[in-house]
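Inspection log for the structure reproduced underneath, given as structure tokens.
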Amino acid sequence: MSKTVYKEVEIDVELTDFDDDDLLEEIESRGLVVSTYGDTKQLLETIWLKRRQGQAFDQELDQLIYASLGRVV
């Protein structure tokens, strides 16, 4: 018979103590998508402009969804 014991410990950590690549790897290993504001800003600008002009923006919206959520429509 085996017994598993878990102990919760709280510590203060500065994110600057970790390398960016290590943080990105950890985030991606949790199934999250890493995206920066700069990655999506141009897409948002294009969607906004096309919407104001009454043009189709489905492709840009699909790209924004993928960039933000990592999901394909």
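None of the figures in this text is laboratory data; all of them are computed from the coordinates on show. Every value quoted in this text rests on a predicted model; they were computed, and no experiment measured them. Please note: Cβ atoms are built from the backbone with ideal geometry, for glycine as well, and neighbour counts cover all protein chains shown.
Note on region 24-73: residues that are among the charged types (D, E, K, R) and surrounded by 14 or more Cβ atoms within 10 Å (Cβ to Cβ) total 3.
If you go through region 8-43, how many residues are under 17 Å from Arg71 (Cα atoms) and either of a type in the set (A, V, I, L, M, F, W, C) or not in a loop (DSSP other than H, G, I, E, B) (or both)? Spell out the reasoning first.
Filtering region 8-43 down to residues under 17 Å from Arg71 (Cα atoms) leaves 27-36, 39-40, 43.
Subset that is either of a type in the set (A, V, I, L, M, F, W, C) or not in a loop (DSSP other than H, G, I, E, B) (or both): 27-29, 32-34, 39-40, 43.
Count: 9.
A count restricted to region 44-55 and to residues that are among the hydroxyl-bearing types (Ser, Thr, Tyr) and more than 20 Å from Arg71 (Cβ to Cβ) stands at 0.
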